[in-house]
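Below: the structure, in structure tokens.
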Amino acid sequence: MRVITIAQTGINYDIPGYKLHTQVEDADVTDADDLAEQAGRLCYLSWDRPNPKTKTNETYLRNILHQQHYSVTEHASVTFYVDGVTRAFLLELERHRHFSYSVVSQRYVPGSEFAFIEHVELTKLSEATRVKMFKHVTAARELYEEIVAELESLGDDHKTARGAARTVLPEGTETMVLVTGNLRAWRDMLSKRLSPSADAEIREVSKLILAELKEIAPSTFQDFGEPTSY
């Protein structure tokens, strides 16, 4: 599986008439973290950082997170490309309704383009059981091809035939997705999917996402542990 950051919010600092707080002590602050701080300071016009306890970006956002004023983290967003994951994973991810999704189509793209992704828990099975499992997967993929061919011979176009035949493919069939969310949405998703009770696949993806977000917005995700700690 792969998680790749392909887009993130950037700030235009050259805006006439818009007063930004100075970054004397925050020369390395990221745009995503800076935007959250700008949003918070705008509410109180506290650009000059009068409180020494919240003078830096890290301490300011630490207080924001402590107060649970998460709305300021909604201004920055991140888009990830994810592949090497299953359709079952996609069903889990799509329960997070504040994200935007674009997913590879099984109606337009033939099933032969998609691999079977073995869930991590399945690797615990005995060799005999795994052999049966892969025979089942192979049989399902062969049946898919037979259904497509027969429906096309009956006059269906490629899209219609594939759309019907995909229903026999395993949920472990690979998918690819672009998913975009603001930082508050990512925080909410990670708080749920990094839990030991979460499904193993989405938990592993969440660790990869957290690693990316800790680079993009370290102050916003400072209350999350390191990915390896989950």
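The values are calculated or read from the model by the stated rules, or taken from the named source; none is laboratory data. Small disclaimer: the values here were computed from a predicted structure and weren't measured. Because the Cβ atoms are built from the backbone with ideal geometry, glycine has one as well, and the counts that use them run over all protein chains shown.
Data overview
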| quantity | calculated |
| --- | --- |
| Total residues in the stretch 2-18, condition at pLDDT 95 or above, hydrophobic (A, V, I, L, M, F, W, C) and surrounded by 11 or more Cβ atoms within 10 Å (Cβ to Cβ) | 3 |
| Where Pro218 falls short, out of the listed (1) surrounded by fewer than 17 Cβ atoms within 10 Å (Cβ to Cβ); (2) assigned to a loop (DSSP other than H, G, I, E, B); (3) in contact (Cβ under 8 Å) with a residue 40 or more places away in the chain; (4) not hydrophobic (A, V, I, L, M, F, W, C) | (1) |
| Counted residues, the stretch 148-185 - those being in contact with a His (Cβ under 9 Å, 6 or more places away or on another chain), over 22 Å from Ile117 (Cβ atoms) and touching a residue at least 40 places away in the same chain (Cβ under 8 Å) | 5 |
| The stretch 125-142, residues that are in a helix (DSSP H, G or I) and closer than 15 Å to Gly172 by Cβ | Thr129, Arg130, Lys132, Met133, Phe134, Lys135, His136, Val137, Thr138, Ala139, Ala140, Arg141 |
| Scope the stretch 193-204; condition among the charged types (D, E, K, R), over 21 Å from Pro218 (Cβ atoms) and assigned to a helix (DSSP H, G or I); matching residues | Glu201, Arg203, Glu204 |
| Scan of the stretch 94-112 for residues that are within 27 Å of Ala39 (Cβ to Cβ) and touching a strand residue (DSSP E or B) at 6+ places or on another chain (Cβ under 9 Å), ordered by number | His96, His98, Phe99, Ser100, Tyr101 |
| Boolean, Asp188 is within 26 Å of Glu58 (Cβ to Cβ), acidic (Asp, Glu) and outside any helix (DSSP H, G or I) | no |
| Every residue from the stretch 33-55 that is out of contact with any His (no Cβ under 9 Å at 6 or more places or on another chain) and at pLDDT 90 or above | Asp33, Lys53, Thr54 |
| Subset of the stretch 157-176 [in contact with a Gly (Cβ under 9 Å, 6 or more places away or on another chain) and in a loop (DSSP other than H, G, I, E, B)] | Leu169 |
| Test for Ala115: is it small (Gly, Ala, Ser), touching a strand residue (DSSP E or B) at 6+ places or on another chain (Cβ under 8 Å), in contact (Cβ under 8 Å) with a residue 12 or more places away in the chain and under 24 Å from Ala200 (Cα atoms) | yes |
| Top-ranked residue in the stretch 34-71 [being buried (at least 17 other Cβ atoms within 10 Å of the Cβ) and more than 29 Å from the chain's Cα centre (by Cα); ranked as farthest from Ile216 (Cα to Cα)] | Arg49 |
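To keep it simple, each residue is scored yes or no on (1) of a type outside the set (Asp, Glu); (2) surrounded by fewer than 12 Cβ atoms within 10 Å (Cβ to Cβ).
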residue: Glu121; (1), (2): no, yes
residue: Ser126; (1), (2): yes, yes
residue: Thr129; (1), (2): yes, yes
residue: Gly155; (1), (2): yes, yes
residue: Ala161; (1), (2): yes, no
residue: Thr175; (1), (2): yes, no
residue: Arg187; (1), (2): yes, no
residue: Ser191; (1), (2): yes, no
